[in-house]
Amino acid sequence: MRTAQGVHRLMYLLMIAGLVMMASPVFAEEEGGYRLLKLEGYKVKWGEQTLGVGARISYAFADSTMRFDDARNCRDLAPMEALSGQELSFETIKQETAEAFRVWERAADVSFHQVADARDADIILGAQGEPHRRAFANVAFGTDAKEGVRAIDQALVCLNPNQKWKVGFGGDKDVYDIRYTLIHEIGHAIGLDHPGPSGQVMGFRYTEDFPELQPGDLRGVQRLYGRSVKNDRLATSSDNPIFESAL
């Protein structure tokens, strides 16, 4: 079982955009259309504490109520199945989640594998135990730093079970596409911040202008984890500004 004992935890509030953010910071977009997440002045990533080095990350769905006392959001994580209903089955939710992870796998040298027990997972996904707004991600990291980078210890992703969710875009922006939302929140969970309001999947404003990662998203995740080893032809480098996502 994973434990927080002896590990400094800062649970960072992040949300998919399209929502009013309390005390919103001013976002200074980095050159290239991305912004790396910085917590207490340190960049954070999974695996080796060196930018550009890949990582292998596990994930699981909460199947019982879980409590994270240090979490600023996702403190009470309910079973992910709470999001399912007549219009969205749990099987569909699992499939859309797997596809969301694969989007990032195709973009950089990062891979994800599902484990059965959420207590053993690096990233835990679930429903909000206290429903609020749309979706959040919390990132916890260790104390040791190397070259301005700290290792992520655990991340949580939680979605509001009281909101309606859909599969695919349909023009109704009051109902969020669950895969797009998960891609965004997983981006936070692996070390990316909001570069600004729009133009990238990691922008903090929900949009249905594009279904996949944009050039800035790709440059950001590749800066953290390097280019995709399996799908290098789909990856883009920072010196190729005219990239159209083929993911």
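Where a number appears in this text, it was derived from the coordinates with a stated rule and is not lab data. Keep in mind that this is a model prediction, so the values were computed, not measured. Here the Cβ is made from the backbone with ideal geometry for all residues, glycine too, and neighbour counts use every protein chain on show.
Here is how the numbers come out for the structure above:
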| read-out | value |
| --- | --- |
| Positive-end residue of ALA151, HIS132, LEU88, charge dipole of the range 74-155 with Cβ unit charges | HIS132 |
| Simple spin-label estimate for PHE90 and VAL167 in nanometres, 7 Å along Cα-Cβ | 1.6 nm |
| Within-11-Å neighbourhood charge of GLU87 [Cβ basis; K, R +1; D, E -1] | +2 |
| Amide H within-cut-off set for ASP153, under 5 Å, with H built and near neighbours excluded | ALA140, PHE141, GLY142 |
| 11 Å beta-carbon shell around GLN163, net charge (K/R +1, D/E -1) | +3 |
| Cut-off under 5 Å, modelled amide H: who pairs with TYR176 long-range | LYS166 |
| Neighbourhood net charge (9 Å Cβ-Cβ; Lys/Arg +1, Asp/Glu -1) for LEU224 | +3 |
| ³J(HN,Hα) computed for each position of the range 146-162 - Karplus, 6.51 cos²θ - 1.76 cosθ + 1.60, integer Hz, glycine/proline x | 9, 6, x, 10, 10, 7, 6, 9, 6, 9, 10, 10, 9, 10, 6, x, 8 |
| Pairwise label distance in nanometres, VAL53 with GLU130, each label 7 Å out on the Cα-Cβ vector | 3.8 nm |
